[in-house]
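No value in this document is a laboratory result; all are computed from the given coordinates. Not measured: the values here are computed from a predicted model. A quick note on method: Cβ atoms are made from the backbone with ideal geometry, for glycine too, and the neighbour counts reach across all protein chains shown.
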């Protein structure tokens, strides 16, 4: 994409367009190719110190596995965009966490192309948003004609700590094969009041209770990336 | 030890407690019985400081401390424990983390040294064994996947580890089979001591076959209408609350 995106571009609908304009045009990053039969891990952290867009074209060749962990947090604008193409029997795993407060806008935007049969993908996204922060996940799973036995999962959950925070979740499926499994679920909720009272009744103060509950909430997404989990927890303890 | 005087409370603007007065002395076990809607659970939530339960009059003192002036977590540190009728499930937070965080938060609030990992584990192991819960279960998320009986056993483990001055047990006997009931009753009896007090809130006399209370009170329409010795529980079981409700 060379023209500056606008709110009419579906994939940029929830972006901070002033920040996007400041970052435009994007410098191209080298495509990532995970060679057939190999295994790779990648992590991406946007710490929100300055606005940032991190976009990657990724190919996971036949029988290869890519495990990614993404953490987008902080107080400005962050966007991680992944365009992933899966070869036959390839596996793509994404754990993504968005943390935001203030006026922050953070987004994870993915397109996962199941281009050949038997590929699997699993995306787990968790957002914790406070004050007037926005967190968005736009995730498209495209299953090509003939890509039978594709198996794609998208689990998207957001926790709003303030009524003025915003979570957008848009899992999307485009399927041109008839023997596939594609599951997606999206929820937006608040901290469980019963759990907060239960903790208080045992002597746990509001701040510590909130820390335990938010840490538990994001744990699923970063289970495979302890160093990112540590940074996320540090952020939660420091900023919330 | 626990002194409730002329307590009035509302929920959603509706008066539920209407001048409840009750004193539980050190070393004593009292039972509060009453029909549905009498205010039994409201009393327990008001004592624990749950949001939405508004005190409109009266006082509650625990060993001379004004409980109503404290937040819920401060009441726990002051020595109050509420055993819930329906213990809450907390996905993602293990029982051990939950309990250790609670114990140390209370100790910090009281200006005491925190329990080390080893000290804590030793403490929990003894109590888990005593109440028939495996350590494996305590490594799992709080109450998630626990049966009704296991949840109540877990409440008792928490009670024993946190060692409060006053335990308020709200329908701790509900949903228990006879084995679990015995375990819970044994636990209450074991925790009886000259320096603690227990308030059992119960709908049925069943638990009182195993835990003999010093006093039994009848709660109707948000007030204690009758008090007596342990024999009162049996009389209520036989005759019901009709007499008290008519009064």
Projected label distance in nm at residue B:59 and residue B:36, using a 7 Å step from Cα toward the beta-carbon: 3.7 nm
Helix-only [θ]222 nm of chain A, DSSP H runs n ≥ 4, -39500 (n - 2.57) each, per residue, nearest 500: -5500 deg cm²/dmol
Angle in degrees between helix B:148-162 and the longest Cα principal axis of chain B, rounded to the nearest 10: 80 degrees
Length gained when the stretch residue B:243-residue B:14 is fully extended (0.36 nm per residue, less Cα-Cα span): 80.0 nm
Inter-label distance for residue B:71 and residue A:163, nm, one decimal - labels placed 7 Å from Cα along Cα-to-Cβ: 2.1 nm
Cα gyration tensor of region B:57-198 - equivalent ellipsoid semi-axes, whole Å, descending: 23, 19, 15
Spatial separation of Cα centroids for region B:93-149 and region A:68-104, in angstrom: 35 Å
The protein assembly as shown: Cα Rg divided by the 2.2 N^0.38 Å rule of thumb: 1.21
At R0 = 56 Å, FRET efficiency that the Cβ-Cβ distance of residue B:190 and residue A:42 yields, to 0.05: 0.55
Degrees separating the helix A:206-219 axis from the principal Cα axis of chain A, which is the longest one: 10 degrees
Computed over chain B, the ratio Rg/Rh where both radii use C-alpha atoms and Rh is Kirkwood: 0.96
All Cα pairs of region A:120-240, percent lying beyond 19 Å: 56 percent
Residues of region B:134-160 with amide N under 19 Å of the 7 Å Cα→Cβ point at residue B:122: B:135, B:160
Cβ-Cβ FRET estimate between residue A:207 and residue A:35, R0 fixed at 56 Å, reported to 0.05: 0.75
Rg/Rg_globular for region B:19-95, with Rg_globular taken as 2.2 N^0.38 Å and Rg from C-alpha atoms: 1.21
Kirkwood hydrodynamic radius (C-alpha pairs) into Stokes-Einstein, region A:10-190, 4 °C and 1.567 mPa s, D in µm²/s: 79 µm²/s
